[in-house]
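Just below is one structure, and these are the notes that go with it.
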Amino acid sequence: MAELVPDTVSLAGVVLAGGASRRMGRDKASLPIPGLSQASNPTTMVERMVDILSQRCDPILVMAAQGQPLPALQARVLRDELRGLGPLPATGRALRAAGAAGARLAFVCAVDMPFLAVELIDDLTRRAVETGAEVVLPWDGQDHYLAAVYRTDLADRVDALVAAGERKMRSLVDSSDTQRIVTLDSRDAKSLTNVNTEADLRTLVRA
């Protein structure tokens, strides 16, 4: 069993909720989760992610698009300054805000991972503390950039990458001291699954 994140670790949580959701055909953040929602009190994807991260992280930051409707959240909501630039600029802004709030590390994730396990957050954070790595991410045959721990002092590097025209998270990971944790367990697979369609979500709920 994974150990809890040490009390001495200042870990912020970041949910990237402002994506275009093209394959979903509707805003993922506001999508109700079957089995967790009731007609009178729906649990949306963004509420679910905030709830998961709040078990390990403080503060919680939600990066949203301009004008994007969101339910009331126990989190600080920051709006994208420009739309359609991808996750890298949003991550940089969130890392800067997390650092200003006193956090040395931030767990950054996508809004569409409703079965993310807090034990994964623990494992990644512990590796970051033990190694001093700038980035620690899960690897299961591919890198999971949006389920990873980043040092908040990477904000300036992100700004420089964005100014140079970079938009992909890989550019940050490739230019940083990065550690990878191999996650091949079936429980990890569910935890790291992104929901791209409503059918994906129904399948994941049944799994």
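Rundown of residues vs (1) within 26 Å of R202 (Cα to Cα); (2) in contact with a Leu (Cβ under 9 Å, 6 or more places away or on another chain); (3) part of a helix (DSSP H, G or I), yes/no style:
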site	(1), (2), (3)
L70	yes, no, no
L85	no, no, no
A98	no, yes, yes
A103	no, yes, no
A106	no, yes, no
C109	yes, yes, no
F115	yes, yes, no
R127	no, no, yes
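Exactly one residue out of A94, A117 is at pLDDT below 95 and under 21 Å from N194 (Cα atoms): that is A117. Among the residues of the range 49-68, those identified as in a loop (DSSP other than H, G, I, E, B) and either surrounded by fewer than 17 Cβ atoms within 10 Å (Cβ to Cβ) or free of Cβ contacts under 8 Å to residues at least 24 places away in the same chain (or both) are S54, Q55, D58, Q66, G67.
One residue stands out in the range 19-29 among those that are modelled with pLDDT of 80 or more and within 16 Å of the chain's Cα centre (by Cα): the one that is surrounded by the most Cβ atoms within 10 Å (Cβ to Cβ), namely A29. Filtering the range 1-17 to residues that are of a type outside the set (A, V, I, L, M, F, W, C) and modelled with pLDDT under 95 leaves E3, P6, D7, T8, S10. The set of residues in the range 150-207 that are outside any loop (DSSP other than H, G, I, E, B), modelled with pLDDT under 85 and not aliphatic (A, V, I, L, M) comprises S186, R187, D188, K190, E198, D200, R202, T203, R206.
May I ask you to list the residues in the range 148-207 that are of a type in the set (V, I, T) and without any contact (Cβ under 8 Å) to a residue 40 or more places away in the chain? Hits for the range 148-207 are V173, T203.
So, V158, is that one in contact with a Ser or Thr (Cβ under 7 Å, 6 or more places away or on another chain), buried (at least 23 other Cβ atoms within 10 Å of the Cβ) and over 28 Å from L204 (Cα atoms) or not? For V158, the condition - in contact with a Ser or Thr (Cβ under 7 Å, 6 or more places away or on another chain), buried (at least 23 other Cβ atoms within 10 Å of the Cβ) and over 28 Å from L204 (Cα atoms) - is met. Considering D123, D112, D153, the condition of being surrounded by 22 or more Cβ atoms within 10 Å (Cβ to Cβ) and either in contact with a helix residue (DSSP H, G or I) (Cβ under 7 Å, 6 or more places away or on another chain) or on the phi < 0 side of the Ramachandran plot (or both) is satisfied by D112 alone.
Out of all the residues in the range 131-149, which are part of a strand (DSSP E or B), touching a helix residue (DSSP H, G or I) at 6+ places or on another chain (Cβ under 6 Å) and under 14 Å from T91 (Cβ atoms)? Scanning the range 131-149 gives V135, V149.
The values are calculated or read from the model by the stated rules, or taken from the named source; none is laboratory data. These figures come from a predicted structure and were not determined experimentally. Please note: Cβ atoms are built from the backbone with ideal geometry, for glycine as well, and neighbour counts cover all protein chains shown.
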